[in-house]
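What follows is a short report on a single structure.
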Amino acid sequence: MSADNGIYVAKFPDGYRVVHAQAIDNLDYYKDEALRINEIHSYFGRSTVIQTKDAALLEAHRMSKDIPILEYGVCYIGELPFWR
């Protein structure tokens, strides 16, 4: 059985955000930009803004220690559009 999960770090205009999520490929499912931004918000909307990439990656690795099965590990997925 697949866990299909990971800890994902993304860059936004206001800083970096870190989430534990499943099916991260859903971020690219929608071709319509407004729908895509809504999907991005559903994944990252409640996460804390972290100012540097290094601090975000440290937080991601800290989070990973609490998750027994982490199929995709810690991944930096690049820059994503902001939803405001």
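Just so you know, all these numbers are worked out from the coordinates, no wet-lab data involved. Everything quoted here is computed from the prediction, not taken from an experiment. Please note: Cβ atoms are built from the backbone with ideal geometry, for glycine as well, and neighbour counts cover all protein chains shown.
Net length available on complete extension from Ser64 to Glu79 is 3.3 nm, with 0.36 nm assigned per residue and the Cα-Cα distance removed. In percent, rounded to a whole number, the relative contact order of the chain is 48, using alpha-carbon pairs under 8 Å and six or more apart. Once backbone amide H atoms are built at 1.01 Å from N, Tyr76 has Val9 as its partners under 5 Å, excluding neighbours fewer than 5 places away on the same chain. Using the Karplus relation 6.51 cos²θ - 1.76 cosθ + 1.60 with θ = phi - 60°, the per-residue 3J(HN,Hα) values for the stretch 37-51 come to 5, 4, 5, 4, 4, 5, 8, 10, x, 9, 7, 7, 7, 10, 6 Hz, with x marking Gly and Pro. Phi angles across the stretch 52-63 convert, under the Karplus curve 6.51 cos²θ - 1.76 cosθ + 1.60 with θ = phi - 60°, into 3J(HN,Hα) values of 10, 5, 4, 5, 5, 5, 4, 5, 4, 5, 5, 4 Hz, Gly and Pro given as x. Dipole of the chain computed with +1 at Lys/Arg Cβ and -1 at Asp/Glu Cβ about the Cα centre; of Leu58, Pro81, Ala10, farthest Cα towards the positive end is Leu58. The charge dipole of the chain, taken about its Cα centre with unit charges on the Cβ atoms of Lys, Arg (+1), Asp and Glu (-1) only, comes to about 260 debye. Applying a DSSP loop filter and a limit of 14 other Cβ atoms within 10 Å to the chymotrypsin sites (Phe, Trp or Tyr not before Pro) in the chain leaves Tyr29, Tyr30, Tyr72, Phe82. Once backbone amide H atoms are built at 1.01 Å from N, Asn5 has Glu71, Tyr72 as its partners under 5 Å, excluding neighbours fewer than 5 places away on the same chain. In the chain, the calculated helix contribution to ellipticity at 222 nm averages -9000 deg cm²/dmol per residue, counting -39,500 (n - 2.57) for every DSSP H run with n ≥ 4.
Stokes-Einstein D for the chain at 37 °C, 0.692 mPa s, Kirkwood Rh over Cα pairs, in µm²/s? Spell out each step's value before the answer.
Values: Rh = 13.1 Å.
My calculation gives 252 µm²/s for D.
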